[in-house]
Amino acid sequence: MESIERAVRSVCEKNLTAAFNFAHGLFSLRRHAEAKSLLRNRIPVARRALGEEHRQPLKMNALYAENIYNDPAATLDDLREAVTTLEDAERIARRVFGGTHPITVDIEANLRHSRAALRARDTAPPGSA
């Protein structure tokens, strides 16, 4: 039974990795709405299947937030969501992997960028966004 569970988990990981790679491709093409939709759908699946402390859901959350703060159509609420998402991911990554792990470092960089995007939008004069 244990080998079946391992096999199912492995297939699940591969499918989630494929979804992440596809979302990353959409992000690279600046197809933000599609990338956001795909990740919003797959992140809960990744958490259920692998646990929220697994690297894949953490990477998916980071890409989701990065997609948001790079989207010119993102609202102020969207940017706040990106910051909150990255704060949660950073806390988990730091606890699980430590502060020098590449995933933690990447999430921290995204968090700095998302906060800067939020500050820039939050302090922009009305009508300039």
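Values quoted throughout were computed directly from the atomic coordinates according to the rules given, and no laboratory measurement underlies them. Since we're looking at a predicted model, the values are computed, not measured. Quick reminder, even Gly has a Cβ in these numbers, built from the backbone with ideal geometry, and neighbours come from all protein chains shown.
Of all residues in segment 6-33, which are outside any helix (DSSP H, G or I) and either within 15 Å of the chain's Cα centre (by Cα) or touching a residue at least 60 places away in the same chain (Cβ under 8 Å) (or both)? Full working, then the answer.
Here is the first cut: in segment 6-33, the ones outside any helix (DSSP H, G or I) are 29-31.
Scanning segment 6-33 gives no hits.
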Next item on the list: Working only within segment 34-47, note down all residues that are touching a residue at least 12 places away in the same chain (Cβ under 8 Å) and not aliphatic (A, V, I, L, M).
Entry: Lys36, Arg40, Arg42
Notebook entry, point to check: With respect to Thr123, is the statement that it is within 28 Å of Ser10 (Cα to Cα) and either among the hydroxyl-bearing types (Ser, Thr, Tyr) or in contact with a Cys (Cβ under 7 Å, 6 or more places away or on another chain) (or both) true?
Noted result: no
Next item on the list: Being of a type in the set (A, V, I, L, M, F, W, C) and buried (at least 23 other Cβ atoms within 10 Å of the Cβ) is the filter; apply it to segment 64-78 and report the residue that is farthest from Leu16 (Cα to Cα).
Entry: Ile68
